[in-house]
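Encoded as structure tokens, the structure appears first; notes follow it.
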Amino acid sequence: MISVEEACQIIASTVKDFGTELIPLDQAVGRVLREELFADRDFPPYNRVTMDGIAINSQAFRPHKIFPLAGIAAAGAPQLHLENMEHCLEVMTGSILPSGTDSVIRYEDLDIKEGQAKVVLDALNSGQNVHKQGEDRQKGSKIVPAGIQLSPAEIGVAATVGKTHLKVSRLPKAIIISTGDELVKVSDRPLPYQIRRSNVHRLLATLNLYDIPADTAHLLDDLEEVTKKLENIIKTYEVIILSGGVSKGKYDYLPHALEKLGVKKHFHKIKQRPGKPFWFGEAPNGAIIFALPGNPVSSFMCTQVYFKDWLNASIGLGKQKLALGVLENDIHFKPDLTYFAQVKISYTDDGRILAKAVEGHGSGDLANLVDADAFVRLPRGKNLFKKGEVYPLYFYR
């Protein structure tokens, strides 16, 4: 067995760049941007009125002065011009500030009657209620760097600068495979000795968070069938995630089948709980294979800790910094293994993250995942982790 640190280093060494693709703007949220976005004109592109009211020349302002209304400037209309600085123009939010004016007085500070606006202010600052041209960004300046995961904020910027399509990281072609004669479809009524295929759907949901439309398959406990089907799968997919069939049981054929197919084993078994039997390798054609233990908590934990790190790096996000949680209760763990304990998260009034251990019944207790929010990583070398100590967290909620 290797350590968790060694496993992380090995997996990181296999990170791949799957290239780029051009996708429509409305499909880009959550994807990783692979181009820079620049302002195609000043932001804002003109002196923009920020309040409904009247535009005046501030030099003509006097407390409680009355300005005759000379017209109205609507948003989306061409710029007007104030001919007489002793007059004013009504303006709407978003409209171009009329030439000959430099300030806006909002309606709340006016008394308008019979075509005249009486100011009820005692003072006025030049430029008041005006968003000046280029104040946010100058034409040609970079607004969004490459390598960022696109949120609705960046989508809005892309639309503003006229990007109908965006260059993003291409996502790998992936498949999730369950193994074992005891597994049946979710829609089936299992016999007393059968269970439904929950791992596939749990893993598929994780990939859906990245917008990866992974395929699924199932392998029965037959070496010849496992080998034959895997041969075709390896030729077709860039990322293969298997669940089950990697321990020491008589029907755990995956390690032998992968070896027969020329897949290079990078490691098999990590000094950790859960997920000790985790197998990881790379096919001659470059396909990456994550062969996870079949127990649901084990496969889920390995996905959160190892697969997501690898995927983030491969699509250009890099290694994500882990949040730190303060243990809310003591945790006892005797084996000399890194322990990924399930914890429920809460927050103190001053912003600290609290992690309370949620005791389950081992790596087969998939229902216990519902009661927790994250895994806390507890290092080898000690068997008591005291309340108040701080450790890294892997959130899955």
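Results, tabulated for the structure shown:
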| item | result |
| --- | --- |
| Residues with amide H under 5 Å from that of residue 219, placed H, sequence gap 5 or more | 178, 179, 180 |
| Rg/Rg_ref, region 1-115, where Rg_ref = 2.2 N^0.38 Å and atoms are Cα | 2.03 |
| Nitroxide proxy distance, nm - points 7 Å out along Cα→Cβ at residue 334 and residue 20 | 5.7 nm |
| Cα lying deepest toward the dipole's positive end in the chain, options 378, 355, 101, charges on Cβ | 378 |
| With eigenvalues of the C-alpha gyration tensor scaled by 5 and rooted, region 20-61, Å | 41, 12, 7 |
| Kyte-Doolittle mean at least 0.5 and Cα axial length at least 27 Å: DSSP H helices in the chain | none |
| Compactness of region 285-375 as Cα Rg over 2.2 N^0.38 Å, two decimals | 1.25 |
| Distant-in-sequence amide H partners of residue 341 (H built 1.01 Å from N, under 5 Å) | 376, 378 |
| Mean Cα-pair separation over length for region 1-89, i.e. relative contact order, pairs under 8 Å, 6 or more apart, % | 24 percent |
| In nm, spacing of pseudo-spin labels at residue 164 and residue 191 (7 Å Cα→C-beta vector) | 5.8 nm |
| Other-chain or far-sequence residues with amide H under 5 Å of residue 117's (modelled H) | 67, 69 |
| Chain lengthening between residue 77 and residue 6 when straightened (0.36 nm per residue, less Cα-Cα) | 19.2 nm |
| Cα pair count fraction exceeding 27 Å, expressed as % - region 45-196 | 51 percent |
| The chain: relative contact order in percent, alpha carbon pairs under 8 Å with at least 6 residues between | 16 percent |
| Table column - 3J(HN,Hα) (Hz), region 293-306, Karplus curve with 6.51, -1.76, 1.60, x for Gly and Pro | x, x, 4, x, 5, 5, 5, 5, 4, 4, 5, 5, 8, 9 |
| Rotationally averaged projected area of region 289-339 (alpha carbon convex hull; nm²) | 5.3 nm² |
| Rule-of-thumb Rg ratio for region 326-397 [Cα; 2.2 N^0.38 Å; N residues] | 1.06 |
| Distance (nanometres) between label positions extended 7 Å along Cα→Cβ at residue 259 and residue 36 | 5.1 nm |
| Solvent-accessible area per residue for the chain (1.4 angstrom probe, square angstrom) | 51 Å² |
| Semi-axis lengths, Å, the chain, gyration tensor of Cα atoms, sqrt of 5 times eigenvalues | 61, 26, 18 |
| Neighbour cut-off at most 14 other Cβ (10 Å), DSSP loop, trypsin sites (Lys or Arg not before Pro), region 299-358 | 319, 321, 352 |
| Reciprocal of mean inverse Cα separation for region 118-239 (Kirkwood radius, Å) | 20.3 Å |
| Only Lys, Arg (+1) and Asp, Glu (-1) charged, at Cβ; the chain dipole about Cα centre in debye | 1420 debye |
| Loop-resident sites, region 320-383, for chymotrypsin sites (Phe, Trp or Tyr not before Pro), counting at most 11 other Cβ within 10 Å (DSSP) | none |
| Apportionment of accessible area to carbon and sulfur, region 249-312, percent (1.4 Å) | 46 percent |
| Calculated FRET value between residue 107 and residue 58, using beta carbons and R₀ = 22 Å, to 0.05 | 0.80 |
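The values are calculated or read from the model by the stated rules, or taken from the named source; none is laboratory data. The structure presented is a predicted model; accordingly, all values stated were derived computationally and were not measured. In this analysis, Cβ positions are derived from the backbone assuming ideal geometry, glycine residues included, and neighbour counts consider all displayed protein chains. Remember, those area values only see protein heavy atoms, side chains included, never the ligands or the DNA or RNA. Shrake-Rupley method; radii C 1.70, N 1.55, O 1.52, S 1.80 Å.
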